[in-house]
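The values are calculated or read from the model by the stated rules, or taken from the named source; none is laboratory data. Bear in mind that the values here come from a model prediction, so they are computed numbers and not experimental data. Every residue, glycine among them, receives a Cβ derived from its backbone with ideal geometry; neighbour counts consider all protein chains shown. Accessible surface areas use protein heavy atoms only, side chains included; no ligands, DNA or RNA. Shrake-Rupley method; radii C 1.70, N 1.55, O 1.52, S 1.80 Å.
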Amino acid sequence: MNKVVLAYSGGLDTTYCALYLKNVLKLEVHALTVNTGGFIDKEVEGIMQRALKLGVTSYKCIDVTKDYYDSCIKYLVYGNVLKNATYPLSVSAERVIQAMTIARYAKEMGVENVAHGSTGAGNDQVRFDMIFQSMIPSAKIITPIRDLQLSREAEIEFLKENGVEMNFEKAKYSINKGLWGTSVGGKETLNSKDYLPEEAWPTQVSKTGSEEVKLSFKKGELVAVNNTEFEHPSLAIQYLQTIAQPYGIGRDIHVGDTIIGIKGRVGFEAAAPVVIIKAHHLLEKHTLTKWQLYWKDQLSSWYGNWLHEGQMMDPTMRNIEAFLEDSQKTVTGDVFVHLQPYRFTVTGIESPHDLMSSKFGSYGEMNKGWTGDDVKGFSKIFGNQSAIYHLVNDKEHD
């Protein structure tokens with residue numbers, strides 16, 4: 001009962017938690033970092049050293065990048081999911097995967113306490129808590145930042161008093177980096193007007209001019225960038241990120257409704273996710289039928305919202321994933337994208353499954369599948385119900 005598994009990223013909140021759990025609650029802290037594609041080996045080494053310096057009993061990092069893609073991100077691509085037509089669920093998606101990994105680790109360790117650094121004002125607290133309640137229902141969930149209602153300034157003061165050395169200027173911003181984008185929260189996102197300053201963005205704009213990129217999809221998954229093939233789509237995403245993010249592409253501020261009912265703002269940079277979703281969507285427009293696209297939109301919107309609200313374990317999600325995967329059978333081809341500072345243009349596609357085939361005619365010019373008389377008959381039948389309605393009812397107004 002004196003052991004706790006702490007979800008540890010090395011940032012301000014989890015640094016505070018590690019010290020508070022050890023020094024104030026007198027618990028044996030086992031810090032766990034769940035890498036969802038946001039950390040390279042050198043960064044993980046730095047996180048481990050900071051954790052050990054704080055006096056944690058043990059530290060471990062589990063890399064779930066590929067599993068994160070396989071169990072979650074690929075369905076966000078299949079569904080072209082952008083929350084409020086803006087946000088690619090950069091943090092929403094990774095939190096449930098992190099929580100599930102932490103729950104499994106706590107089970108393996110036989111530890112009955114778990115802790116996370118979520119505040120009491122955001123979505124993460126609900127996501128972590130719901131996963132823990134489902135997977136480790138007997139565990140006690142400890143949340144120092146939420147329970148003590150701490151501001152970032154109060155956390156910084158506590159850490160300074162305890163001799164912790166870190167970049168407190170940088171710590172004024174809460175940054176979460178993963179395979180599907182990076183979120184940025186700070187004083188500017190706490191109001192409805194201010195935009196994040198240039199220095200707050202984790203990736204500075206360093207590219208000028210423009211360049212062309214070819215994205216190759218196979219059954220809805222990104223498998224190659226500029227003819228370079230990758231053994232797993234997560235690697236293709238990371239590679240595209242190195243090309244597109246230095247242009248400042250994919251930066252924005254998402255405004256949305258939190259799970260707990262209040263409005264919230266968060267900045268994010270997600271060049272690869274936004275480019276991939278837009279490219280994939282264009283490819284689908286060419287390779288899927290009207291009603292495939294329609295029903296995908298309905299289910300994808302619900303799927304993205306339910307995932308955003310932490311409901312990844314709802315069995316309905318597996319049902320929709322099956323539909324989404326089945327819809328991708330013909331979504332294969334190349335998509336061409338023009339990159340330049342702060343924006344991009346998806347210029348066109350090439351696909352063996354392109355339904356805009358010249359074999360059947362050219363839109364606005366000519367057709368090869370029917371005659372003019374065929375269209376006259378079709379139009380008469382297709383508009384018949386509306387015509388009858390007006391013939392019957394318009395007489396009442398004569």
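Counting only heavy atoms of the protein chains and using a 1.4 Å probe, Asp374 has close to 80 Å² of accessible surface. Using a Gaussian network model of the chain in which every pair of alpha carbons under 10 angstrom is joined by a spring, one finds that among Ser210, Ser379, Ser300 the greatest mean-square fluctuation is at Ser379. For the chain, the longest principal axis of the Cα atoms and the long axis of helix 12-23 meet at an angle of about 30 degrees.
Accessible area per residue for the stretch 60-153 is 37 Å², calculated with a 1.4 Å probe on protein heavy atoms, without ligands, DNA or RNA. Summed over qualifying helices (DSSP H, 4 residues or more, each -39500 (n - 2.57)) and divided by its residue number, the chain shows a 222 nm mean residue ellipticity of -12500 deg cm²/dmol. Computed 3J(HN,Hα) for the stretch 124-135, one whole-Hz value per residue from the Karplus formula 6.51 cos²θ - 1.76 cosθ + 1.60 where θ = phi - 60°, is 4, 4, 6, 4, 4, 4, 5, 5, 4, 5, 7, 9, glycine and proline marked x.
Residues whose amide H falls under 5 Å from that of Ile142, counting only those 5 or more places apart or on a different chain, are Val114, Ala115, His116, with hydrogens built in the peptide plane.
Mind listing which trypsin sites (Lys or Arg not before Pro) in the stretch 107-199 are in a DSSP loop and have 14 or fewer other Cβ atoms within 10 Å?
Counting only loop positions with at most 14 other Cβ atoms within 10 Å, the trypsin sites (Lys or Arg not before Pro) in the stretch 107-199 are Lys193.
Amide H to amide H distances under 5 Å link Glu28 with Lys3, Val4, where only residues 5 or more positions off or on other chains count and H is placed in the peptide plane.
Under 5 Å between amide hydrogens, built in the peptide plane, is the criterion, and for Asp63 it picks out Asn35 among residues at least 5 positions away or on other chains. Farthest towards the positive end of the charge dipole of the chain, among the residues Tyr68, Ala31, Ser234, is the Cα of Ala31, using unit charges on the Cβ of Lys, Arg, Asp and Glu. What angle, in degrees between 0 and 90 and rounded to the nearest 10, separates the Cα long axis of helix 90-109 from the longest principal axis of the Cα atoms of the chain? The angle comes out at about 50 degrees.
Among the GluC sites (Glu not before Pro) in the stretch 191-270, those located in a DSSP loop and surrounded by at most 13 other Cβ atoms within 10 Å of their own Cβ are Glu231.
What a 1.4 Å probe finds exposed on the stretch 115-223 is 48% carbon and sulfur by accessible area, rounded to a whole percent.
Rounded to the nearest 10 degrees, the inclination of helix 233-244 to the longest alpha-carbon principal axis of the chain is 90 degrees. Note on Gln49 and Thr289: with the Förster distance fixed at 56 Å, the Cβ-Cβ geometry gives a FRET efficiency of about 0.55. For the stretch 289-330, carbon and sulfur atoms together expose 59% of the accessible surface, with a 1.4 angstrom probe and every protein chain in place.
Where both bridge residues fall in the chain, DSSP classifies roughly 70% of the beta bridges as antiparallel.
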